[in-house]
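The values are calculated or read from the model by the stated rules, or taken from the named source; none is laboratory data. These numbers come from a predicted model, not from an experiment. Glycine also receives a Cβ, built like all others from the backbone with ideal geometry; neighbour counts cover every protein chain displayed.
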Amino acid sequence: MQRFLILLTSALTLSCTGSRRPDLQPALDSITSDDLMKHTRVLASDEFEGRAPATKGEDLTVRYLEQQFAGMGLQRGNPDGTWVQAVPLVGIRSQTTASLQAGGRQLPLTPQDYFAHSRRAVETVQVKDTDMLFVGYGVVAPEYGWDDYKGVDVKGKTILMLINDPPVPDPGDPTKLDESVFGGRAMTYYGRWTYKYEMATEKGAAAAVIIHETGPAGYPFAVISDWGLEKFEIRRSDRNMDRVPIEGWITFDKAQELFRMAGQDLSELKKAAVRRDFHPVPLKAKAGFTVRNSIREVDSRNVIARLEGSDPRLKDEYVIYTAHWDHLGRDVTLQGDQIFNGALDNASGVACLLELAEAFARLPEKPKRSVLFLSVTAEEQGLLGALHYAENPLYPLNRTLAVINMDGANPWGRTSDVVIIGQGKSTLEDVAADVAREQGRTLKPDPEPEKGFYYRSDHFELAKQGLPAFYPDNGVDYIGKPAGYGLKKRDEYTANDYHKVTDEIKADWDLAGAAEDTRFLFLVGYRVAQADRFPGWKPGSEFKAKRDAMMK
């Protein structure tokens, strides 16, 4: 019999678990902006050295989380009796030399306009004298009748592709995007760099190079430069030899220079690539790469705590809260400040996780189902800690109701709204709408859907396994601030602090909004843990079929 059922109506949910219940108040009152700041200040301190996996920063972070969870009276979350789940990683530092030639000339390359490495866990990776080919957006999407690889064999070749999804014009109004294809303005998984390298691997390419543009990518090219630090992969027996040998990025301007040398106009090809009848374009150009890898094997850790449910019939069903503890660590080659403190990303999110754990621990009567507090490693390396949990769950996913993810808290004050990343995907949003209404707030869709945030944080790995995933973000309508203030602050953070050593606690931070958002998340998770039925994916979600099959 199928167990996958839809949540109760909002009226029934409100009657059972309304936030005005007096027994919830001690939990809600325990969530404060001062406590959020206290945890953030510790985790983002220079002492923690940027919290990179397999460093002193990891040891300090894991110890801090264990001490905090234990002090709240929570149980060790791993059924083996520990606080941690080992995550086997291989650390790779790549030194790459590249040669791109066209028209009898060598393309000059600097770290400001090009980056390449290999995720193969071997000392040397070489790709010699390969033909180059432009494959549009590098997408194969049968449901849209789309194939950017049509009619060609890319085995052994170097392919170049554009970032994001194809922005297909609306047939009735070319000034707009066709909402029926690739989500219109919103990025789908086809637009993520991870997908593009996966498809290049499937097609047998020797090297895959993504042409970067700041707008469609959602971050400046300088973020790619962070990849020059040690990178991590899940440690696998095949040493990742099934991956495309070379993964690279190049700026649009530098790629345009290469295309001109090869007798092509990248801007014109970009226009052609938004059509279904686009065919790959061979370039009169050659590429070669040599990568020297320095490799080490390490065990990183996910940290997990458990609050056991109060109902003997339901305590073996679970709600998960997640927030990644890692950041980029330290770069000793930098002059001056060398520590990527990651205050907003994601010390603040972990602070919210700790406040949620304390709030649940203070409930006089625990929720019917168990609640897990999972702080994962190596999110900045490609969601690796979440991937490892998704592939090796400590608790069965078919008995897990939902994952609620936090990746950065709101540091700029209270908002009248809550932004839902990936709005329209699951019935968890129906619960969230009721909670927001009680707070006197509204839910709003992502104002920047083209950046694909739903596919860029830890919940995504669990969603791919079918688990309903809820990912809220800061609101944008700030109380007492002028219109546009919220988006302005977002843009400033992305331009000035995202993945930079300047992501530190600022003098103007006001965590009152973060505290209100954390109470919101508490109430959403509490209601799911109390509800009579499981949440689910809404029709049209790309994850629904997998969950349906799991729950039969």
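A count restricted to the range 302-327 and to residues that are crowded, with 24+ Cβ neighbours inside 10 Å and in a loop (DSSP other than H, G, I, E, B) stands at 5. Within the range 71-87, one or more residues are surrounded by fewer than 22 Cβ atoms within 10 Å (Cβ to Cβ), within 30 Å of Ser237 (Cβ to Cβ) and touching an Asp or Glu at 6+ places or on another chain (Cβ under 7 Å). Among residues of the range 55-73 that are part of a loop (DSSP other than H, G, I, E, B), those with a Cβ under 8 angstrom from a residue that is not aliphatic (A, V, I, L, M), sequence gap 6+ or separate chain, pair up as Thr55/Glu49; Thr55/Gly329; Thr55/Arg330; Met72/Glu358.
Scanning the range 508-546 for residues that are among the hydroxyl-bearing types (Ser, Thr, Tyr) and surrounded by 23 or more Cβ atoms within 10 Å (Cβ to Cβ) turns up Thr518, Tyr526. When Leu12, Leu28 are checked against the criterion of being farther than 24 Å from Lys506 by Cα, at pLDDT below 50 and not acidic (Asp, Glu), a single residue qualifies: Leu12. Any residue in the range 249-266 that is under 30 Å from Gly50 (Cβ atoms), within 20 Å of the chain's Cα centre (by Cα) and touching a residue at least 40 places away in the same chain (Cβ under 8 Å)? Within the range 249-266, one or more residues are under 30 Å from Gly50 (Cβ atoms), within 20 Å of the chain's Cα centre (by Cα) and touching a residue at least 40 places away in the same chain (Cβ under 8 Å).
Take Asp326 and decide whether it is under 17 Å from the mean Cα position of the chain (by Cα) and acidic (Asp, Glu). Here the answer is yes, as Asp326 does meet what is asked. Pairs meeting the criteria (first residue in the range 429-458 and at positive phi, second residue not hydrophobic (A, V, I, L, M, F, W, C), beta carbons under 9 Å, at least 6 apart or on different chains) are Gly440/Ser416; Gly452/Asn164; Gly452/Asp165; Gly452/Thr188; Gly452/Tyr189; Gly452/Gly191; Gly452/Arg192; Gly452/Gly218. Can you pull out every residue in the range 158-174 that is farther than 16 Å from Thr188 by Cα, buried (at least 23 other Cβ atoms within 10 Å of the Cβ) and of a type outside the set (A, V, I, L, M, F, W, C)? Across the range 158-174, the qualifying residue is only Thr158. The helices (runs of 4 or more DSSP H) located wholly in the range 374-472 that include 2 or more residues which are farther than 29 Å from Thr32 by Cα and of a type outside the set (Gly, Ala, Ser) occupy 384-391, 459-464.
Please verify whether the range 118-125 includes one or more residues that are of a type in the set (Ser, Thr, Tyr), surrounded by 14 or more Cβ atoms within 10 Å (Cβ to Cβ) and either touching a residue at least 60 places away in the same chain (Cβ under 8 Å) or touching a Leu at 6+ places or on another chain (Cβ under 9 Å) (or both). Outline the logic, then answer.
Filtering the range 118-125 for residues of a type in the set (Ser, Thr, Tyr) gives 118, 124.
Now restrict to residues that are surrounded by 14 or more Cβ atoms within 10 Å (Cβ to Cβ): 118.
Right, trim to either touching a residue at least 60 places away in the same chain (Cβ under 8 Å) or touching a Leu at 6+ places or on another chain (Cβ under 9 Å) (or both) and you get 118.
Among the residues of the range 118-125, at least one is of a type in the set (Ser, Thr, Tyr), surrounded by 14 or more Cβ atoms within 10 Å (Cβ to Cβ) and either touching a residue at least 60 places away in the same chain (Cβ under 8 Å) or touching a Leu at 6+ places or on another chain (Cβ under 9 Å) (or both), which makes the answer yes.
Would you pick out the residues in the range 443-468 that are within 12 Å of the chain's Cα centre (by Cα) and closer than 20 Å to Leu353 by Cα?
Let us first name the residues in the range 443-468 that are within 12 Å of the chain's Cα centre (by Cα), namely 451-463.
Once the filter is applied, which keeps residues that are within 12 Å of the chain's Cα centre (by Cα) and closer than 20 Å to Leu353 by Cα, the range 443-468 yields Phe453, Tyr454, Arg456, Ser457, Asp458, His459, Phe460, Glu461, Leu462, Ala463.
Answer yes if at least one residue in the range 386-396 is under 30 Å from Asp46 (Cα atoms), buried (at least 24 other Cβ atoms within 10 Å of the Cβ), touching a helix residue (DSSP H, G or I) at 6+ places or on another chain (Cβ under 8 Å) and of a type outside the set (S, T, N, Q), and no otherwise. Yes, that holds for at least one residue. Comparison of Ala98, Ala102 shows that the only residue that is surrounded by fewer than 22 Cβ atoms within 10 Å (Cβ to Cβ), hydrophobic (A, V, I, L, M, F, W, C), in contact with a helix residue (DSSP H, G or I) (Cβ under 9 Å, 6 or more places away or on another chain) and assigned by TED's automatic domain parsing to the domain that holds Gly248 is Ala102.
State whether one or more residues within the range 510-525 are among the charged types (D, E, K, R), at pLDDT 95 or above and touching a Phe, Trp or Tyr at 6+ places or on another chain (Cβ under 7 Å). Within the range 510-525, one or more residues are among the charged types (D, E, K, R), at pLDDT 95 or above and touching a Phe, Trp or Tyr at 6+ places or on another chain (Cβ under 7 Å). Out of curiosity, is Gly136 at pLDDT below 95, closer than 22 Å to Leu269 by Cβ and either part of a loop (DSSP other than H, G, I, E, B) or outside the structural domain of Ser370 (by TED's automatic domain parsing) (or both)? No; evaluated as a whole, the condition is false for this residue.
Go through the range 272-294 and give me each residue that's buried (at least 16 other Cβ atoms within 10 Å of the Cβ) and within 30 Å of Val62 (Cβ to Cβ). Listed by number, the list holds a single entry, Asn293.
Condition check: modelled with pLDDT of 95 or more, loosely packed, with under 14 Cβ neighbours inside 10 Å and in contact with a Gly (Cβ under 9 Å, 6 or more places away or on another chain). Does Asp148 satisfy that? In short, no. The criterion of being closer than 30 Å to Asn293 by Cα and basic (Lys, Arg) does not hold for Arg76.
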